[in-house]
Amino acid sequence: MLIYRLGVVAVLIILCVGCGTGQRETDSAAVATDFLAAMGDGDTRVACALLATDTRESLEYSGGGPCTSSLGSVDIAGGAVEGVEVWGDRAQARASTGTLFLVELNVGWRVAAAGCTRATDGTYDCLLGA
Amino acid sequence: MKRFLRDNGLSVAFGLSFLGALVGQAIAGHADFNHRQVLGGGQPVPFWNFLTTSDFAVDVAENWQSEYLQFFLYILATVWLVQRGSPESKHPDEIGHESDEKQRVGRHATARSPNWARAGGWRTAVFSRSLCIVMGGLFLLSWLAQSIAGLSAFNAEQLSQLTDPVSWAQYVASADFWNRSLQNWQSEFLAIGSMAVFSVYLRQRGSPESKPVGTPHDTTEQSG
């Protein structure tokens, strides 16, 4: 009997691993879209609010000033999100102007890296959050 | 109740041990997971949320598959392979599936034999292999669960390192998948091989996994 119960648990593990990814894909894509729109409009206040804490702090440290001014010197163009992939608390959004990486925090999805282009070794070089 | 516990002591004791160890793994795994989350710029998760993560699922499944593989292979291997002097082995003269008479199937079944042992045809054929079928099936199911949960955990790690996620086919050919599988398999094979050899020369008085203490080292197929 124990064997059958263990089998049922294993099946549930298989079925549950992909639970609920649809809504999370939509939410992460929306944040990526909002971030790119803000960057396209030059609205760094909105764009900064959509950055992950570590990314914003790193930007402020390297830029030597508040996020809103430091982000203004980062050349990330606006653009449409063409596809998103969510795994765990991480997401990758592909846009016409580059790739974004997002992380899910208490406040929702936030941009961890942006303006990323794929290098020949398979890693990404990012203008923000590398 | 007392009689039930006495008659089912092994399954009850190991069932409770399993649950206790699983809870312990969940508590330690939760702390480790949150530590890594903070280091990677992620968000710590509550305990109950951790139980639904692919990180917890892959750690559970990779151990389950190796245990079921261990017993599946041992049950199957001991049909054809022997270890002279080991109570885990049968006598070298009995290598193979053995006669219907020895196995008490078909017309050799007794009044108390299971129905499918007496039925003949496909039912007896299936029942004659049912232990391996279930153990092998659970191994494959657990291994599949490991591959799916492992893919999710691996891809989350890939994305946190600003790298592309991979497909399931790429993952089952990856070093991560085979490292997780083989590090469990090698320990299972070591333990089971050690048991087969140690039980030739060493004894545990009263255990059916051991020969009786005074039995000669070269006596095979006898437990005490």
Practice task
Please state which of the following conditions B:Arg84 fails to meet, knowing it meets all the rest: (1) open to solvent by 80 Å² or more (accessible area, probe 1.4 Å); (2) over 23 Å from B:Ser207 (Cα atoms); (3) assigned to a loop (DSSP other than H, G, I, E, B).
Solution key: (2)
Exercise for the section: Please verify whether the range B:132-139 includes one or more residues that are free of Cβ contacts under 8 Å to residues at least 12 places away in the same chain, within 18 Å of B:Glu62 (Cβ to Cβ) and open to solvent by less than 50 Å² (accessible area, probe 1.4 Å). Expected result: yes
Completion exercise
Selection from the range B:34-76 of residues open to solvent by less than 50 Å² (accessible area, probe 1.4 Å) and polar (S, T, N, Q) yields B:Asn34, B:Gln37, B:Gln43, B:Thr53, B:Ser54, B:Gln65, B:Ser66, B:Gln70
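In this structure, is A:Asp75 open to solvent by 60 Å² or more (accessible area, probe 1.4 Å), within 13 Å of chain B (Cβ to nearest Cβ) and acidic (Asp, Glu)?
Details: open to solvent by 60 Å² or more (accessible area, probe 1.4 Å): yes; within 13 Å of chain B (Cβ to nearest Cβ): no; acidic (Asp, Glu): yes.
Judged against the criteria, A:Asp75 is not a match.
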Exercise for the section: Name the one entry in A:Ala93, A:Ala38 that is of a type outside the set (S, T, N, Q), open to solvent by less than 50 Å² (accessible area, probe 1.4 Å), touching a helix residue (DSSP H, G or I) at 6+ places or on another chain (Cβ under 7 Å) and away from chain B (no Cβ under 14 Å). Expected result: A:Ala38
Fill in the blank from the handout: By residue number, the members of the range B:122-154 that are part of a helix (DSSP H, G or I) and of a type in the set (D, E, K, R) are B:Arg123
Completion exercise
With criteria (1) of a type in the set (Phe, Trp, Tyr); (2) farther than 15 Å from A:Cys126 by Cβ; (3) at pLDDT 95 or above, A:Tyr61 comes up short on (3)
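Going by the conditions given, is B:Glu188 in contact (Cβ under 8 Å) with a residue 60 or more places away in the chain, more than 20 Å from A:Arg24 (Cβ to Cβ) and in a helix (DSSP H, G or I)?
Here the answer is yes, as B:Glu188 does meet what is asked.
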Practice task
Determine which single condition B:Phe139 fails, assuming it passes every other condition in (1) among the hydrophobic types (A, V, I, L, M, F, W, C); (2) within 14 Å of chain A (Cβ to nearest Cβ); (3) within 30 Å of A:Thr99 (Cα to Cα).
Solution key: (3)
Completion exercise
The condition of being within 11 Å of the chain's Cα centre (by Cα), over 26 Å from B:Asn49 (Cβ atoms) and more than 9 Å from every other protein chain (Cβ to nearest Cβ) holds, among A:Thr33, A:Thr68, A:Thr44, only for A:Thr33
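The values are calculated or read from the model by the stated rules, or taken from the named source; none is laboratory data. Please read these numbers as outputs of a predicted model, since none were measured by experiment. Ideal geometry is used to build each Cβ from the backbone, glycine not excepted, and the neighbour counts take in all protein chains shown. What goes into the accessible areas is simple: the full protein's heavy atoms, side chains included, and nothing from ligands, DNA or RNA. Shrake-Rupley method; radii C 1.70, N 1.55, O 1.52, S 1.80 Å.
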